[in-house]
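Worksheet: one structure, shown below.
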Amino acid sequence: MIVKLIVDIAGIILILLVAWYFWFSKKEGEKVGESGGVQEAFITVKGGYTPDVIIVKAGKPLRLIFERKESSPCSERVIFKDFDVSKLLPEGEKVIVEFTPEKAGEFEFACQMGMFRGRLIVE
């Protein structure tokens, strides 16, 4: 009886820790470097986006280079809804997404099904 209670409590604690990690922990993000006046970041697509939080400066051109390393149909397109940008991501190819984020804020990017998600933080 006591063993079952301990296992149940441990299970509940583990569930809460996993939920906290995925829903409540703030990921710091990766600050994007600049070359020749253009901000540039490389993003791998495999089971999600890596990195999935990107920090950029407002008013400067942005170049994101996506490389899809999987065949899941969910990952075949990336959409930046707030910037009216959508690109097909063929498997194994590098795809360049370019735009200039003009205003500060946090903006989501995702696959067409909304299962893969990332954040663009514009400062």
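The numbers here are math on the coordinates, done by the rules we state, and not lab data. What you see is a predicted model; the values in this text were computed from it and never measured. For neighbour counting, all protein chains shown are included, and Cβ atoms are generated from backbone atoms with ideal geometry for every residue, glycine included.
Here's the list of aspartates and glutamates a cross-link from Lys87 could span, going by alpha-carbon distance under 19 Å and ignoring same-chain residues fewer than 8 apart: Glu40, Asp52, Glu67, Glu70, Glu76, Glu98, Glu108. Taking trypsin sites (Lys or Arg not before Pro) across region 26-97, the ones in a DSSP loop with at most 16 further Cβ atoms lying within 10 angstrom of their Cβ are Lys26, Lys27, Lys46, Lys57, Lys69. Over all projection directions, the Cα-based convex hull of region 51-123 averages an area of 4.3 nm². Calculated [222 nm] ellipticity per residue, helices only, for the chain: -5000 deg cm²/dmol; basis is -39500 (n - 2.57) per DSSP H run with n ≥ 4, divided by all residues, nearest 500.
For the chain, the average shadow cast by the Cα convex hull is 9.3 nm², which is a quarter of the hull's surface.
With charges set only on the Cβ (+1 for Lys and Arg, -1 for Asp and Glu), what does the dipole of the chain come to about its Cα centre, in debye to the nearest 20?
The calculated dipole for the chain is roughly 180 debye.
Seen against the Cα atoms of the chain and their longest principal axis, helix 2-19 is set at about 10 degrees. Comparing Pro61, Val45, Val78 along the charge dipole axis of region 43-87, the residue lying farthest to the positive side is Pro61, per the Cβ-charge model.
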